[in-house]
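A short write-up of the structure that comes next.
Just so you know, all these numbers are worked out from the coordinates, no wet-lab data involved. All of these numbers come straight from a predicted model, not from anything done at the bench. Using ideal geometry, Cβ is built from the backbone for each residue, glycine included, and neighbour counts are taken over all protein chains shown.
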Amino acid sequence: MGRGSDPNRAMISALRKCALTVIVALFIAAFGNLVGALHRLILVAARICCIAQLDTPLVHDLVLLQVVGVYLWLFGWIFVIIERAVATVFTGSYERKCAGYTIPAILCGIVITLSSVSACVSRFRLIDNFDLFAMFVQIAGVVICLLALIAIILYNKTVYQARHDTMMQLRNRYQLDENIRGSRYLIPVAANNVLTKAVYVLLMAYSIYFTDIPIGHDTTHLSHAYDLLFAYERIFFVLALTIRSEKFDHFLKRKKRITNAIHNQETAVSSHFTNLKTLWA
């Protein structure tokens, strides 16, 4: 029995190692949200202390922190979806080739490099209208990620339903099930990202067409709406991934263990054999 279960345990262990890649990507995205939240916290605290107005160097220095957080979140989230797509396309070999720490390390390097380069280009204005281009990339990116997740779920469900007809190997079934569950786990965050960006576009449209205020120069109450929107997006990201996690669900459903104590062992043994004798008589 123990030997027969070893291959199954090995497959599950390999899948958990593969999941490390998506965990690292999610951590990078969450860290980007944290950096953005710290930026707003520092800026608000500075303005309360009356040391940071629009013409002070502190505000301009903090812009780099904000931009880094945005790009870490964006590229981290995009690579989460890319990882799910790769796991779907290479179902048969994904657990063997992607298990370990090499892929997560490469992923971290790519995301940090892209975020650093993009932040420097945006901060020092090395490319004209780069901020506008980055904004369109964010909006298009979250929409494409949601559509890609839906397509990944539908494809994996179709293949999984035909597993008996295609004589699919057990390890591939495990991988398909992991693809479906992992993609469903991310759907609420992807849908909320699209909703948040839609509200963001509406706020910009209101600012441009009804207040005649250029983008990035709004010092009215509308700036607080942006802060609330991004704060909601960050909070939803953390809560959605936490509440829908298996460990959190197991923690809520866990019951207190009750140990049944036998007060009189001799009486229990005698009663047990008496019942057996009566049953077989």
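With both labels modelled 7 Å from their Cα along Cα-to-Cβ, the Ala151 to Val199 distance reads 2.8 nm.
Rounded to the nearest 0.05, what FRET efficiency do Cys49 and Thr113 give with R0 = 41 Å and r taken as the Cβ-Cβ distance? Could you check?
With R0 = 41 Å, the Cβ-Cβ based efficiency is 0.70.
Measuring between their Cα centroids, the stretch 176-202 and the stretch 109-134 lie 25 Å from each other.
Give me the dipole magnitude in Debye, nearest 20, for the stretch 58-148 about the Cα centre, with unit charges on the beta carbon: positive for Lys and Arg, negative for Asp and Glu. Don't skip to the end; give the middle numbers.
Numbers: 5 positive and 5 negative charges, 44 e Å.
The calculation lands at about 220 debye.
Compared with the direct C-alpha span, the chain from Ile42 to Leu239 gains 68.6 nm at full extension, assuming 0.36 nm per residue. Compared with the direct C-alpha span, the chain from Tyr226 to Phe136 gains 30.7 nm at full extension, assuming 0.36 nm per residue.
What's the extension gain from Leu170 to Val63 if we count 0.36 nm per residue and subtract their Cα-Cα distance?
Working: separation 107, 0.36 × 107 = 38.52 nm, distance 5.07 nm.
Contour length minus the Cα-Cα distance gives 33.5 nm.
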